Structure formats: C-alpha cells, structure tokens
1. Under a cut-off of 17 Å between alpha-carbon atoms, report the aspartates and glutamates in cross-link reach of B:K37, not counting same-chain residues fewer than 8 places apart.
2. Each residue of region A:26-31 in order: what ³J(HN,Hα) in whole Hz does its phi give by Karplus 6.51 cos²θ - 1.76 cosθ + 1.60, θ = phi - 60°, with x for Gly and Pro?
3. Taking amide H positions as placed 1.01 Å from N in the peptide plane, with prolines and chain starts having none, which residues 5 or more places from A:Q17, or on another chain, fall under 5 Å of its amide H?
4. 5 Å is the cut-off here: which amide hydrogens, built 1.01 Å from N in the peptide plane, fall below it relative to A:V4, excluding neighbours closer than 5 in sequence?
5. Give me, ordered by chain and number, the residues 5 or more places off B:I48 or on other chains with an amide H under 5 Å from its own placed amide H.
6. Roughly how far apart, in whole Å, are the Cα centres of region B:56-112 and region A:60-77?
7. On average, how many beta carbons from a partner chain sit within 10 Å of the beta carbon of a residue in A:105-111?
8. How many Cβ atoms of partner chains, on average, are near each residue of B:35-42 if near means within 10 Å of its Cβ?
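Just so it is clear, none of the values below were taken in a lab; they were calculated from the coordinates. Note that the structure is a prediction, hence the values are computed from the model and not measured. Here Cβ is always computed from backbone atoms with ideal geometry, including for glycine, and neighbour counts include all displayed protein chains.
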Amino acid sequence: DAGVTQSPTHLIKTRGQQVTLRCSPKSGHDTVSWYQQALGQGPQFIFQYYEEEERQRGNFPDRFSGHQFPNYSSELNVNALLLGDSALYLCASSLVGQQNTGELFFGEGSRLTVL
Amino acid sequence: GESVGLHLPTLSVQEGDNSIINCAYSNSASDYFIWYKQESGKGPQFIIDIRSNMDKRQGQRVTVLLNKTVKHLSLQIAATQPGDSAVYFCAENVEGNNRLAFGKGNQVVVIP
C-alpha cells in the first residue's frame, strides 16, 4: 500500500519562472492538502482540495494555485517565482470525514530552490 | 539530507534518559492537537494526538500532556534512543478538516 508520493524530489528554478509539483495521495484517501515549509520553520498551510475543488486556503497569494484530478492526485502550481518561494513543499492526504483521527499522512516533499 | 533544524531550539539528551518537549498553541478554540517528528530530508511523521477533552494520552514510549488553561502542550519521550533524533512539531487543527497550524519546532539530539 503506497503512502503519499510526491514528485519531483528536488528542483531548481530561476526568479519569474513557473513550477508544477505533483502529489499522489495514500490509497483510499480523497483529500489533498499542500504545505510550504521554509528552512527552519514549521509547515504553513497553503490550500486543500476535495472533489476537485479548493475547499480551504491559507494566507498565500494567487500565484499559488492547484488542481485535483478525478483519481484524487493533485498538482501545486506557483507562478512568477520569487526567491522567498524556496522551500520544501509538502503534500498531505486524508479521507473526508476523518478529521481529528490522526488519519493525515505527509509525503517526503519537493525541495524547490529559486535562484 | 539537508537539515530542517537550523536555528531551532535544541534539546540535547543522553541516550536512555527521558525527553520533554514543550509547545504553546495560539487558538483557544482548537480541539485537536498532534505531535509530528521530522527527520532530516523527510516529511512529518505522526507520533501521537490528543483531543481537547483529554489532558493526557499515552502511546508507546511517548506521552502527550495538554493544559488548556495556559494553551500548552508537551511531549514526553521515555528512554530516548538515537533514532529519536529529529525535529518535533506540535500542530493544532484550525477550523477542523485537517487544516493544521504548526508550531516552530524543537530539535532533539540524542547523545549515545
């Protein structure tokens, strides 16, 4: 049973470019959340997708957008990259209706470096 | 792998001793709390959780204490082992539905 998988694991971009990160949730999960973790900080909630729609959003600009596919996998897109977007981007999957149960699993993350 | 623990409060503990990690949370309406362990280059890993109607919960070698009066959580690790070396985060469930707000993290270094 595969856990949460993310790709790519590492990537380097330059300022102004665009990036797409991908996530496959744990088998049986239907909800995907994305977090940004800057070096030395705790993860910050970006947004959450369920039934192919954005359901909750944190304090991130519109440059951050996402998508969820019918198979529950998800993409995170960041446009017009800034140096400050350099971070570890984490995907977490869960099952709707299973909040507050510990049934939230994180992937290993995609490390984005913006030069 | 790269470190996630730069500039974090660090607890150095002798192997076999007990560790206590503290966390202050911000939202008095939060009703669910989780402790995560994050090893270098990896994603957060669930350790233990507690609901706001409890003040203590025990797992295997770990205990979480919740003091709602002062909005404080602690994680106790018994008989700390080298594999416990990691950064530990507390998280609170904001507005339900698994939208988590994480604390700043504490690095634990186990000395063999």
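1. Candidates past the 8-residue exclusion: A:E103, A:E108, B:E2, B:D49, B:D84, B:E92.
2. 4, 4, x, 8, 10, 10
3. HN-HN under 5 Å from A:Q17: A:L81.
4. So A:V4 has HN proximity to A:K26.
5. Under 5 Å from the amide H of B:I48 lie the amide H atoms of B:W35, each far enough along the sequence or on another chain.
6. Here the answer is 30 Å between Cα centres.
7. Values: counts 4, 7, 3, 4, 6, 0, 3.
What the average comes to for A:105-111 is 4.
8. Values: counts 0, 4, 0, 7, 0, 0, 6, 5.
If you average over the peptide's residues, the count of other-chain Cβ atoms is 3.
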